[in-house]
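The values are calculated or read from the model by the stated rules, or taken from the named source; none is laboratory data. Here the structure is a predicted model, which is why all the values come from computation and not from measurement. Here the Cβ is made from the backbone with ideal geometry for all residues, glycine too, and neighbour counts use every protein chain on show. Ligands, DNA and RNA are excluded from the accessible area calculation, which covers all protein heavy atoms including side chains. Shrake-Rupley method; radii C 1.70, N 1.55, O 1.52, S 1.80 Å.
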Amino acid sequence: MKERKHDPYYLMAKKVEYRSRAAFKLIQLQEKFNLIRRGDWCLDLGSAPGGWVQVELEYAGNTGKVCGIDLVRIPELPPAMLFRGDIRKIEDIAGIVEAAGGKFDVVLSDASPKISGNYSLDHARSAELARQAAVAAKISLKKGGNFAAKLFDGEERNAILKELEEMFETVTVSKPPASRKQSSELYIIAKGFR
């Protein structure tokens, strides 16, 4: 709580009514990589509490569509379609594609494992979530689409990048300024789904 009081992104999020400081991470990734275009359909994996969904709605505009999924209920954010489900279950992702009426232009994941404090374990769980996000992208992404997923840096990083290089035209890694300096989190950015 003490750290939050002095965190500029937390304070800005409160001021502009974003549901989380993480919204600024997506804004910074968007400014650098242009992941979302006006009119895009976006699928947000691990959406709660909805900060990224708010940003996606802004960038996609009223001609776009935004769907989100999380294990916990996400308070409504019209016109986004929000689902309670598991990104690790193919049937849950397929159900969203069906409910949306088609595949997506962008798949984004800010999903994070419950932090144990054991670095190797947390990295392994994060790597598994990033891989599950890539599986969700295979099911739900249109050809040429864009993808971004959070990963705690560690020994699985290069293997995951290699896997994504087989699926996308370009793959890179970025750490937006809104990520805390002491955090090992980074984001994998992949564009041009094959």
Original post:
When you scan the range 165-194, how many residues do you find that are out of contact with any helix residue (DSSP H, G or I) (no Cβ under 6 Å at 6 or more places or on another chain) and of a type in the set (A, V, I, L, M, F, W, C)?
Top reply: 6
Subject >> Matching residues in the range 140-187 - criterion: being under 21 Å from V66 (Cβ atoms), crowded, with 17+ Cβ neighbours inside 10 Å and modelled with pLDDT of 95 or more >> reply: S140, L141, G145, N146, F147, A148, A149, K150, P176, Y187
Subject >> Identity of the residue in the range 72-103, in contact (Cβ under 8 Å) with a residue 24 or more places away in the chain and of a type in the set (G, A, S), that ends up nearest to L129 (Cα to Cα) >> reply: A94
Subject >> Subset tally (residues that are in a loop (DSSP other than H, G, I, E, B), aliphatic (A, V, I, L, M) and in contact (Cβ under 8 Å) with a residue 12 or more places away in the chain) for the range 104-116 >> reply: 1
Original post:
For I115, are the conditions met, namely being of a type outside the set (S, T, N, Q) and within 19 Å of V66 (Cβ to Cβ)?
Top reply: no
Original post:
Can you find even one residue in the range 12-35 that is farther than 25 Å from S183 by Cα, open to solvent by 60 Å² or more (accessible area, probe 1.4 Å) and modelled with pLDDT of 95 or more?
Top reply: no
Original post:
Residue check: is I69 surrounded by 16 or more Cβ atoms within 10 Å (Cβ to Cβ), modelled with pLDDT of 95 or more and not basic (K, R)?
Top reply: yes
Original post:
For the range 94-112, how many residues meet the condition of being surrounded by fewer than 21 Cβ atoms within 10 Å (Cβ to Cβ), in contact with a strand residue (DSSP E or B) (Cβ under 8 Å, 6 or more places away or on another chain) and either of a type outside the set (A, V, I, L, M, F, W, C) or farther than 17 Å from G68 by Cβ (or both)?
Top reply: 4
